[in-house]
Amino acid sequence: MPSRELDVALYGATGYTGRLIAEDLADQEAEFAIAGRSRERLADVASELEADPEIVVASVDDDEELEQMASRADAVASAAGPFNDLGPPVMNAALREGTHFVDTTGEQGYLRWASEQDERAREAGVTVVNATGFDVVPSDLSAYLAAHALDDPTSVDIALATNSRLSDGTQRTMAASTGDWWEFEDGRFQDAVPGRHMRSFSYPDREDPSTGVFIPWGDCATAPRSTGADNVRTFFVLDRDRARKYNLLWPVQWLVTKIPGLDRLLASRAPEGRGGPSEEEREASWFSILAEAETPDGQTARAIVEGSDPYGLTGAATSRMALALARGEGNGPGVLTPTQAFGPERVPKLVPEFIDEARVIEP
Ligand SMILES: NC(=O)c1ccc[n+]([C@@H]2O[C@H](COP(=O)([O-])OP(=O)(O)OC[C@H]3O[C@@H](n4cnc5c(N)ncnc54)[C@H](OP(=O)(O)O)[C@@H]3O)[C@@H](O)[C@H]2O)c1
């Protein structure tokens, strides 16, 4: 693809995460545009950047405006969520214009839809890498490393431990996707509910096992592709008493989520702003992700990915993966997971400030 006038068009630049991506694009000295629905809010963002990005106003309801934005860039990056609603129009515009695409989603329903666009992406000659944030860059890497240490693993369990709090936008997105929950079981997507599974994980350098309780994380929709496993589950590490409570309450949770309109009700009660962890909170935040793969005859392999500042990681990974695609450096075309797109050695090198360690744990 010949190079276009912009490296990256960033849609949703006015949000908490969009600003982090824009700051990194400026640090990388990219030629980029910031895009969204409000010229005034985009101008505010531009005034705070150490760069002079072009401002592009495009409504998510206007295909022509989105196509025009996508046609001028080598890659589109989107941080406009919830993605179940706002993701498809932006990704579709990129596919129609032959433009590479990345986004910060973690929503399983949208990720499932996006992976079904693989043939369209191949025909268009573009690489799509969804979920270039904390969900799923380090967990995808961890799952990939564990799975590829074995021949033909059939199951992968991923444990996520972090002390980071959630941005307002992430809380709204999670509320809006209530009930749209999946796990990958026996080679297909099955209805899932938080808390349904509980198990312990042996982290290296920790004396006691850690307790993980099932949460429907993006990897249930992406790791089947990066690992080839027929069973993928994701767990959040909690103290044992809390984990047990969630686990005991899962049938109640399952019944409650069947109430029609609950997703809209919860979304309307989520925080309204565009805030998130402060710089100090981000500096003090860490993550540790353990993946365990298993073959049918009981062989297991574990891998760990550790680092800091999940939201900083999201901003930098999204900016740098978009730029790498713009330079023609992805393993595309097609709809790929982050590790499929860039390989297990390159992913930590793209964001070295945020990933300290990524390795298979020797038995
Ligand atoms: N995968 C991960 O680990 C990860 C990490 C961070 C964030 N995220 C996801 O990324 C998304 C953004 O998070 P955030 O914290 O940055 O949220 P935020 O601060 O609320 O920002 C949301 C962005 O979406 C735009 N937007 C909302 N509704 C729109 C509409 N109808 N048309 C056009 N643009 C619209 C907003 O534009 P306006 O300013 O015009 O409202 C804003 O730019 C969320 O879905 C979140 O879950 C995922």
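The values are calculated or read from the model by the stated rules, or taken from the named source; none is laboratory data. Keep in mind that what you see is a predicted model, and the values were worked out from it rather than measured. Cβ placement follows ideal geometry from the backbone for every residue including glycine, while neighbour counts extend to all protein chains displayed. Just so you know, the surface numbers come from the protein's heavy atoms only, side chains and all, with ligands and any DNA or RNA stripped out. Shrake-Rupley method; radii C 1.70, N 1.55, O 1.52, S 1.80 Å.
Sort largest first and round to whole Å: the equivalent ellipsoid semi-axes of the stretch 137-309, each the square root of five times a Cα gyration tensor eigenvalue.
Square roots of five times the eigenvalues give 27, 21, 15 Å.
What angle, in degrees between 0 and 90 and rounded to the nearest 10, separates the Cα long axis of helix 39-48 from the longest principal axis of the Cα atoms of the chain?
The answer is roughly 80 degrees.
Along the Cα→Cβ direction, 7 angstrom out, place labels at Ser47 and Asp230. What is the inter-label distance in nm?
Here the modelled spin labels are 5.9 nm apart.
Would you work out what percent of the accessible area of the chain, with all protein chains in place, is carbon or sulfur (probe 1.4 Å)?
Of all accessible area on the chain, carbon and sulfur atoms account for 45 percent.
Where in the chain is the longest stretch that carries no GluC sites (Glu not before Pro) classed as loop by DSSP and with at most 11 other Cβ atoms within 10 Å?
In the chain, the maximal stretch lacking such sites is 117-206.
In whole percent, what relative contact order does the chain give with Cα contacts below 8 Å and a gap of six or more residues?
23
So for the pair Arg188, Asp168, with labels modelled 7 Å out along Cα→Cβ, what separation do we get in nm?
Computed distance between label sites Arg188 and Asp168 equals 4.2 nm.
Looking only at Ala149, Ala317, Ala70, which one moves most when the chain is put into a Gaussian network model with springs between Cα atoms under 10 Å?
Comparing Ala149, Ala317, Ala70 in the GNM, the peak value goes to Ala149.
How big is the chain in terms of Cα radius of gyration and Dmax, in angstroms?
19.5, 60
Just to be sure I understand the model, the point goes 7 Å from the Cα along the line to the Cβ. What's the resulting Glu281 to Asp152 distance in nm?
Here the answer is 4.8 nm between the modelled labels.
Sort out the exposed loop trypsin sites (Lys or Arg not before Pro) in the chain (DSSP loop, at most 13 other Cβ within 10 Å) and tell me the longest stretch that has none.
1-205
By how many degrees, between 0 and 90 and to the nearest 10, does the Cα long axis of helix 83-96 differ from the longest principal axis of the chain?
Approximately 50 degrees, to the nearest ten.
Restricting to Cα pairs below 8 Å that are 6+ residues apart, what does the relative contact order work out to for the stretch 176-306? Please round to a whole percent.
RCO, the stretch 176-306: 22 percent.
Just name one of Ala229, Gly179, Ala159: the one whose Cα is farthest towards the positive end of the charge dipole of the stretch 137-309 (beta-carbon charges, Lys/Arg +1, Asp/Glu -1).
Value computed over the given set: Gly179.
Given a 1.4 Å probe, how much area per residue of the stretch 137-309 is accessible, in Å²?
I get 49 Å² per residue for the stretch 137-309.
Calculate the dipole size of the stretch 137-309 relative to its Cα centre from +1 charges on Lys and Arg beta carbons and -1 charges on Asp and Glu beta carbons; express the result in debye to the nearest 20.
Computed about the Cα centre, the dipole is about 800 debye.
Normalised by the number of residues in the stretch 1-119, what is the relative contact order in percent for Cα pairs under 8 Å and 6+ residues apart?
26
If R₀ is 35 angstrom, what is the calculated FRET efficiency for the pair Arg274 and Thr300, using the beta carbon separation as r and rounding to 0.05?
0.25
Within the stretch 174-214, list the residues whose amide N lies under 20 Å from a label point set 7 Å along Cα→Cβ of Arg264.
Zone members listed by number: 174-181.
Between Arg346 and Gln253, what is 0.36 nm times their sequence separation minus the Cα-Cα distance? Round to one decimal in nm.
So the extension gain works out to 29.5 nm.
For a quick check, take a GNM of the chain with Cα springs below 10 Å and name the residue from Gln340, Gln299, Gln253 with the largest mean-square fluctuation.
Residue with maximal mean-square fluctuation among Gln340, Gln299, Gln253: Gln299.
In whole Å, what are the extents of the stretch 217-363 along the principal axes defined by its C-alpha atoms, from largest to smallest?
That gives 48, 46, 33 Å along the principal axes, largest extent first.
Which FRET efficiency value, to the nearest 0.05, do you get for Glu54 and Glu207 by plugging their Cβ-Cβ distance into 1/(1 + (r/R0)^6) with R0 = 41 Å?
The computed FRET efficiency comes out at 0.15.
Evaluate the charge dipole of the chain about its Cα centre and quote only its size in Debye, nearest 20, assuming +1 on the Cβ of each Lys and Arg and -1 on the Cβ of each Asp and Glu.
1060
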